[in-house]
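Asks: Quick one: this structure, given as structure tokens, is what I'll be asking you about.
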Amino acid sequence: MIVVGVSAFYHDSACAVVVDGEVVAASQEERYTRRRFERGVPMYAYRSCLEQAGIGPGDIDMVAYYENPTKKLGRQLWMLLADGGDRGVGELDAMQPAREIRDRLGYDGPLAVVDHHEAHAASAFYCSGFDEAALFTADAVGEWTTTSCGVGSASGVELRQQVPFPHSLGLLYSTVTSYLGFSVNSDEYKVMGLAAYGRPRYLGALAQLVLNSADGDLRLDTRYFRLRADGAMYTAALTDLLGLPPRPVRAPIEAVHRDLAASVQLLLEELLLEKVRYLHGIYPSDNLCYSGGVAHNCVANTKLRRGGGFRNWYVPPAPGDAGGALGAALLVQHRETGARPTTALTDARLGPFCDGRGAARVLHAAAVPYEDFAGREEALLEATADLLAAGTVVGWCRGQMEFGPRALGSRSILGDPRDAGMRERINRLVKKREEFRPFAPAVVAERAGEFFDLEVPSPFMLEAVAVRPGAGLPAVTHVDGSARVQTVERGTDPRFHSLLERFGRRTGVPVLLNTSFNVRGEPIVRDDVDALSCFVRAGIDVLVVGDLLVRQEDVPGVWREYLARAGSYHDRLAHNDAYSFFV
């Protein structure tokens, strides 16, 4: 049976294909439209996933949608009435998702709907490899549910306890994100990074936002929250409570802002830990499967894993809404046929393949010098390791694209983690982002414990742990001495593992700085043309795309001038005939 999963109409729309219980393909739409947090029907991801699976629309047995539009409509109506009016009621339409999915995808077969938190829980449980497990999900809100717990077994996914909107851990954290002048549903990770610079001296005040959190429940004091779909998420009562005005967007970040970030981060960790310990008490399994947008908080994740009472745990590579597409497909597949994955998902490379042939055509046509290592994999890895050990910044675009928000060695910018200036250099020239945000390390799994306080695999970069004293990794060590680690198994990704190994032979450190291959405000690159564009605009030293190696010094100056004038990549797509400059 072939099931296609779809998430859309909020943020992070995505598509996934499951065939006879096995995950075949998954991609986020933003990588194709080049709009971050794309919310529309994932038309391009859908086409790509079908091509990757070797199937056509007529082969699909069922499409699974990741939330219940009727239940969601009830919450939307409640929010409009709670806001004191009915403006916009006429625009709400519970039939819109099904109608648009059918129209945009050209699909006329069966369409199944699952609840949002069921999709989250399924994305973790069915990919975990566990026969049974306790389930925990936390996000801002699905239809009505914000936090849920239950059990996964041979019978499927069963959510037994749920916390209703507006009482939400995700809403709590996002409200402070908004108060700090950052964007909701995109910048929560900035608050997490900023927290390491502050002291939690607002913890007592923020704790007053929570009226009750016992026995798996959660109740927020709604006086402090503004329950509207637009504008600020907080009321004047929060300003009075904190004695601190909201930070305007782009205003300087001061000590009070760092302290507020530290306070909300600690409060979230304490509340999550309380919930997970409660869950272990009522469902005393050895295994925990955790998903939902809050599961992106890698600092909290490590504390939950170590202090929650469970022996084993699993967080999927895309725990947020994009992963809901995968969860919905897996859940419907299991319900319809009893089929489910036979092994744990430990490799997030579920997207389209990049072989560099498109870049080769562009470079050849423009007479730009490049080295072609086709059929010489060992030589390419040796050359790249030499460059990295010499301090070169490398854009690395090879093989299948990762599913989820992290670059895990297929669409990455790589650098030497021993170089104390590497972090500032990549931040200033390439990423163009806030200097307080840390970079992450990738390390060969078999030696991870030498450099990091990490006793379990971390293939999806979803845990933050202490860097060992004397490790000598300043470029990937956060101000609090931690790092968000990716462990790379030889059997899972032999190519990236081999590059790390070769870098280790030269330096004694089989670790690389690994950040996503994109510039600020754009999604991670998808294909070789995306990679070539980002490479030129960002001024990255060297690009490895497929089997090609290109040096920035060989790029024509007219390319840089044109791309500098042309604005964002999305603008070029919209106004320059699908990036006709290159193609």
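Asks: Using Cα atoms only, what is the angle between the long axis of helix 43-53 and the major principal axis of the chain, expressed in degrees (0 to 90) to the nearest 10?
Replies: 70 degrees
Asks: Which aspartates and glutamates have a Cα less than 19 Å from the Cα of Lys303, not counting those fewer than 8 places away in the same chain?
Replies: Asp139, Glu188, Glu269, Glu270, Glu274, Asp286, Asp453, Glu455, Glu463, Asp480
Asks: Within 13 Å, Cβ to Cβ, of Thr507, how many net charges do the neighbouring residues add up to if Lys/Arg are +1 and Asp/Glu are -1?
Replies: Combined, the nearby Lys, Arg, Asp and Glu give +1.
Asks: Right, another one. Separation between the Arg39 and Asp453 pseudo-spin-labels, each 7 Å from Cα along Cα→Cβ, expressed in nm?
Replies: 4.1 nm
Asks: Still on this model: Report, in whole Å, the centroid distance computed from the Cα atoms of segment 141-212 and segment 102-119.
Replies: Each part's Cα centre sits 27 Å from the other's.
Asks: Let me ask you something else. For segment 169-314, what is one quarter of the convex hull surface built on the Cα atoms, given in nm²?
Replies: Working: hull surface 34.0 nm².
So the mean shadow area of the Cα hull is 8.5 nm².
Asks: Report P(r) for segment 351-575: all Cα-Cα distances, bin width 10 Å, range 0 to the bin holding the largest distance, values in whole percent.
Replies: Per 10 Å bin, starting at 0, the Cα pair percentages come out as 8, 35, 37, 16, 3, 0.
Asks: Would you list which aspartates and glutamates come within 12 Å of Lys431, measuring only between C-alpha atoms, while excluding same-chain residues fewer than 8 positions from it?
Replies: Output for Lys431: Glu522.
Asks: Now a separate question. How big is the antiparallel share of DSSP beta bridges in the chain, given as a percent to the nearest 5? It would help to have the intermediate numbers written out before the result.
Replies: Numbers: 54 of 75 bridges.
About 70 percent, rounded to the nearest 5.
Asks: Report the relative contact order of segment 351-575, percent, no decimals, based on alpha-carbon pairs under 8 angstrom and at least 6 residues apart. Write out the running numbers ahead of the final one.
Replies: Working: 428 pairs, mean separation 67.1, N = 225.
Computed over segment 351-575, the figure is 30 percent.
Asks: Shifting gears a bit: For Glu371 and Thr239 in the same chain, what is the full-extension length gain: residue separation times 0.36 nm, less their Cα-Cα distance, in nm?
Replies: Values: separation 132, 0.36 × 132 = 47.52 nm, distance 5.85 nm.
So the chain would gain 41.7 nm between Glu371 and Thr239.
Asks: Mean residue ellipticity at 222 nm from the helices of the chain, using -39,500 (n - 2.57) per DSSP H segment of n ≥ 4 over the full residue count, to the nearest 500 deg cm²/dmol?
Replies: Values: 20 runs with 210 residues, N = 583.
Using -39500 (n - 2.57) per qualifying helix, the result is -10500 deg cm²/dmol.
Asks: I want to check the label-to-label distance for Met79 and Glu435. Put each point 7 Å from Cα in the C-beta direction and report it in nm to one decimal.
Replies: Reported label-point gap for Met79 and Glu435 is 3.7 nm.
Asks: Given Phe130, Val542, Gly58, which one lies farthest toward the positive end of the charge dipole of the chain, if we put +1 on the Cβ of every Lys and Arg and -1 on the Cβ of every Asp and Glu?
Replies: Going by the Cα projections, it comes out as Val542.
Asks: What list of whole percents do you get for P(r) of the chain, with Cα-Cα distances grouped in 10 Å bins up to the one holding the largest distance?
Replies: 3, 17, 28, 28, 18, 5, 0
Asks: Averaging over every viewing direction, what projected area does the convex hull of the Cα atoms of segment 445-501 cover, in nm²?
Replies: On the way: hull surface 15.6 nm².
Mean projected area for segment 445-501: 3.9 nm², to one decimal.
Since every read-out is calculated from the coordinates, none of them should be taken as a lab result. If you're wondering where the values come from, they're calculated on a predicted model, not measured in any experiment. No Cβ is skipped: glycine too gets one built from the backbone with ideal geometry, and neighbour counts run over all protein chains shown.
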